[in-house]
1. Mind giving me the FRET efficiency for B:ARG13 and A:GLU12? R0 is 51 Å, r the Cβ-Cβ distance, nearest 0.05 is fine.
2. As an exercise, find the ratio Rg/Rh for chain B from alpha-carbon atoms, using the Kirkwood inverse-distance average for Rh.
3. 222 nm [θ] for chain B, helices only, -39500 (n - 2.57) per DSSP H run of 4+, per residue, to 500?
4. Over segment A:61-200, what is the relative contact order in whole percent, taking alpha-carbon pairs under 8 Å and six or more residues apart?
5. Work from the charge dipole of chain B (Cβ charges, +1 for Lys and Arg, -1 for Asp and Glu, about the Cα centre) and give the residue of B:LEU145, B:LEU79, B:ALA194 farthest towards its positive end.
6. Based on the alpha-carbon gyration tensor of the protein assembly as shown, what equivalent-ellipsoid semi-axes (square roots of 5 times the eigenvalues) come out, in whole Å, largest first?
7. Under a 1.4 Å probe, what is the accessible area of chain A per residue, stated in Å²?
8. Run the accessible area of chain B with a 1.4 Å probe and give the carbon-and-sulfur part as a rounded percent.
There are 2 protein chains.
Amino acid sequence: MDTATAREPRQERSRATRRRLLAAAVRCLAEVGWSGSTVAAVAERAGVSRGAAQHHFPTREALFTAAVRYVSEARSLELRRRAADLPQGPARTEAVVELLVDSYVGPEFAAALQLWAAAANDARLRADVLPLEEHVGRESHRLALDLLGVDESASGVREIVQATLDLARGLGLAGLLADDRARRRRIVQRWARALERELAAVR
Amino acid sequence: MDTATAREPRQERSRATRRRLLAAAVRCLAEVGWSGSTVAAVAERAGVSRGAAQHHFPTREALFTAAVRYVSEARSLELRRRAADLPQGPARTEAVVELLVDSYVGPEFAAALQLWAAAANDARLRADVLPLEEHVGRESHRLALDLLGVDESASGVREIVQATLDLARGLGLAGLLADDRARRRRIVQRWARALERELAAVR
């Protein structure tokens with residue numbers, strides 16, 4: 001076995017450990033919040049030694065920011081995959097709004113929210129979370145423009161698309177404590193009708 | 001001095017102590033989050049003995065839920081007061097949306113968010129926070145209908161007004177970590193234009 005092939009499985013193992021840590025960190029953050037989320041707690045959940053966890057993520061901030069980035073990127077890929085099945089024609093706008101809103105629900109959003117809430121009171125964590133939030137915001141915005149098939153150079157498009165993402169974030173927060181699906185469904189339908197009218201002029 | 005007059009200043013002192021505790025609890029929650037927010041920490045901030053604080057609020061959950069309720073009610077009164085100065089005519093919708101969005105910004109919203117985030121992982125706290133959230137939601141909805149001068153029995157009005165409040169909540173969350181005022185202003189203007197068109201049919 002030459003050096004390159006010996007290195008490969010080791011690198012693959014290291015990547016697998018990293019992914020296990022990231023997935024465990026998201027679950028931990030969503031389930032117990034920031035105060036109970038430490039590198040040691042995540043290492044235990046992931047079945048990884050504390051030393052190995054610290055080798056991958058020297059600080060708590062680095063681990064949890066990477067974890068939220070990891071699920072955001074996975075979510076982005078998943079949305080683009082699901083987008084291939086979206087209808088064309090008049091039903092499309094509602095399907096796009098539903099897809100976007102769905103991405104602010106579930107354990108990934110719960111984890112991100114715990115990180116944001118903690119970052120509000122922690123300057124060091126905020127320094128890591130802010131660039132992540134900007135990155136995720138830009139990605140979501142680009143995805144929404146693509147799926148809606150509109151060009152943001154047209155007047156007012158950028159703002160109405162951003163409003164749709166802000167609405168999605170607000171609905172995510174509303175669904176954090178209780179099952180809000182039935183109400184959310186009605187809001188999505190209603191918003192989609194309004195959005196359709198707003199975008200009709202630029203299509 | 002008869003018993004009734006002796007009782008009155010004592011009741012007034014007790015109410016003042018309660019208000020001091022509630023105000024200190026909101027600042028504490030907004031500044032350090034749930035994990036650092038204890039009855040003892042709030043008593044110290046308020047300059048009240050721990051025993052007196054516990055007399056008013058036997059549990060941590062009771063204190064912080066009451067504090068968020070207190071600022072929500074103060075906010076509601078303040079909004080109704082400011083509403084008297086809102087313009088009539090075409091500029092009104094934007095002024096109303098701005099007023100509603102403004103109410104999801106600042107330390108009161110930051111405190112409420114910390115409480116929601118903590119309640120997501122704490123069944124006992126959630127049992128106190130859910131009825132509060134429903135109460136605040138109903139109040140905001142009623143206020144929005146009043147200010148916009150629309151009747152929710154008309155088709156689609158209820159949902160578009162709720163969407164406006166969900167958008168406001170999402171904008172509040174977006175503004176938690178960084179100064180988002182310039183972007184928020186553009187979204188408010190853009191959404192007000194769309195909302196105006198949506199409500200024109202039912203006015």
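1. Result of the calculation: an efficiency of 0.15.
2. Here the Rg-to-Rh quotient is 1.05.
3. Mean residue ellipticity, 222 nm, calculated: -26000 deg cm²/dmol.
4. So the answer I get is 35 percent.
5. The residue sitting most towards the positive pole is B:LEU79.
6. Semi-axes (√(5λ), whole Å): 38, 34, 15.
7. Per residue, chain A has an accessible area of 48 Å².
8. With neighbouring chains kept in place, the figure for chain B is 50 percent.
The values are calculated or read from the model by the stated rules, or taken from the named source; none is laboratory data. Small disclaimer: the values here were computed from a predicted structure and weren't measured. Virtual Cβ from ideal backbone geometry, glycine too; neighbours counted across all protein chains shown. Just so you know, the surface numbers come from the protein's heavy atoms only, side chains and all, with ligands and any DNA or RNA stripped out. Shrake-Rupley method; radii C 1.70, N 1.55, O 1.52, S 1.80 Å.
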